[in-house]
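The values are calculated or read from the model by the stated rules, or taken from the named source; none is laboratory data. Remember, predicted model here, so these are calculated numbers, not experimental data. Note that each Cβ is placed from the backbone with ideal geometry, even for glycine, and that neighbours are counted across all protein chains shown. We work out accessible area using only protein heavy atoms, side chains counted, and drop any ligands, DNA or RNA first. Shrake-Rupley method; radii C 1.70, N 1.55, O 1.52, S 1.80 Å.
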Amino acid sequence: MIIRNLTKEIQHQPILTKISLEINEGEFVAVLGASGSGKTTFLKCLALREAWDEGQYIYEGKDISKAGWLEKLKLNKHWAFLEEKADVQPRKSALKNVLRGRLFHTPIWRLMTGRVSTEEYANAMDYLENVGLLDKASMAAEKLSGGERQRIALARGFVQRAKVIFADEPISGIDPAGAERVMQDFRYVCQRDKATVICTMHNAEFAQRYASRILGLAGGKIVVDVTGRPLTQREKSLIFE
Ligand SMILES: Nc1ncnc2c1ncn2[C@@H]1O[C@H](COP(=O)(O)OP(=O)(O)OP(=O)(O)O)[C@@H](O)[C@H]1O
């Protein structure tokens, strides 16, 4: 994806100012920034969940800056957006929540009858196993921890075979072991499926250990763009001070 001059104001306050960058397939991009620096707004603009004031957005060679609802619907077939608080249906089982990822790929008659093919069932169970939740497949999502719910949302993105996963603070409020697991899962889909993962976070430590690229957002601009190496002290202070 190519972003040129992305600009966004909220209530006449500049939040993002002429941001330009290119993100390649298979990259695991962590967007770091202090609280209020505009990380969520940036992510939502990239996922076309927030309107851009200005700028050009090229995805797979096509200009999607002014994508209408039909085009967005098509994009959402291949894009997954993970909210900060995992968007799961609390009363439904982990498995049913994961199967929701196939919504866009399921024929209407199957949606109406609620029947799931054996292949889709096996596939969803595989992904639950990948995220370490096979033994909790039949448990209602509301009975699971925050980290486990985040991993269900992740497994749903995986079964959707999303080409791009946008994740807003996916490890905030999760214990360190759960956070490791989520970050490992992201890295896994990038390496194995060539998915692109873009996630916002506060934790530079995790970003350095797992992401292939780190973007630092401050003052409405990308002030740091580093691939394949940890941040220097100076870069950290550019982002967080
Ligand atoms: N709907 C809104 N109405 C008014 N101001 C908003 C709105 N959405 C975002 N903002 C403001 O825009 C700025 C950037 O917000 P954003 O949520 O993108 O930052 P962030 O870096 O994700 O913050 P955090 O890390 O605290 O979640 C903040 O100052 C916020 O108050």
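Please list H12, H78 in order of solvent-accessible area, largest first, computed with a 1.4 Å probe with all protein chains present.
Numbers: H12 160, H78 65 Å².
Largest accessible area first, the list is H12, H78.
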Going by average Cβ density within 10 Å per residue, which order do the peptides 153-160, 202-209 take, highest to lowest? 153-160, 202-209
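So what is the calculated 222 nm ellipticity per residue for the chain, using -39500 (n - 2.57) for each DSSP H run with n of 4 or more, over all residues, to the nearest 500 deg cm²/dmol? Could you put the intermediate results ahead of the total?
On the way: 9 runs with 90 residues, N = 241.
Only helices count here, giving -11000 deg cm²/dmol.
What does the highest-first list of 167-178, 117-128 look like by mean Cβ count within 10 Å? Write down the numbers at each step before the final one.
Details: 167-178: 18.6, 117-128: 15.9.
Per-residue mean Cβ counts within 10 Å order the peptides as 167-178, 117-128.
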Would you work out which of A179, G38, V197 lies farthest towards the positive end of the dipole of segment 2-240? Charges go on Cβ: Lys and Arg +1, Asp and Glu -1. V197
Can you give the charge dipole size of the chain about its Cα centre, rounded to the nearest 20 debye, using +1 on the beta carbon of Lys and Arg and -1 on the beta carbon of Asp and Glu? 540
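Within the chain, what whole-number % of the accessible surface is contributed by carbon and sulfur, with the 1.4 Å probe and all protein chains included in the calculation? Intermediate results must be reported in sequence, preceding the final value.
On the way: 6010 of 12180 Å².
About 49 percent, which is the carbon plus sulfur part of the accessible surface.
Per residue, how much accessible area does segment 2-240 show when a 1.4 Å probe rolls over the protein heavy atoms, in square angstrom?
Working: 11970 Å² over 239 residues.
Accessible area per residue, segment 2-240: 50 Å².
Where does the charge balance sit around M1 when Lys and Arg score +1, Asp and Glu -1, over other residues with C-beta under 12 Å from its C-beta? Before the final figure, lay out the partial values.
On the way: positive: R4, K62, K163; negative: E22, E25, E27, E60, D63.
Cβ neighbours under 12 Å give a net charge of -2.
Kindly flag which residue pairs out of K8/K194; K74/K136; K72/K143; K44/K143; K44/K221; K194/K221 have an alpha-carbon separation exceeding 25 Å in this structure. List each step's numbers first, then the result.
Values: K8/K194 30 Å; K74/K136 32 Å; K72/K143 33 Å; K44/K143 29 Å; K44/K221 16 Å; K194/K221 27 Å.
Checking Cα-Cα distances, K8/K194; K74/K136; K72/K143; K44/K143; K194/K221 exceed 25 Å.
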Amide H proximity to I64 below 5 Å, modelled H, separation 5+ or other chain, gives Y57, I58, Y59
Per-peptide average of other Cβ atoms within 10 Å, ordering 234-240, 3-9 highest first: 3-9, 234-240
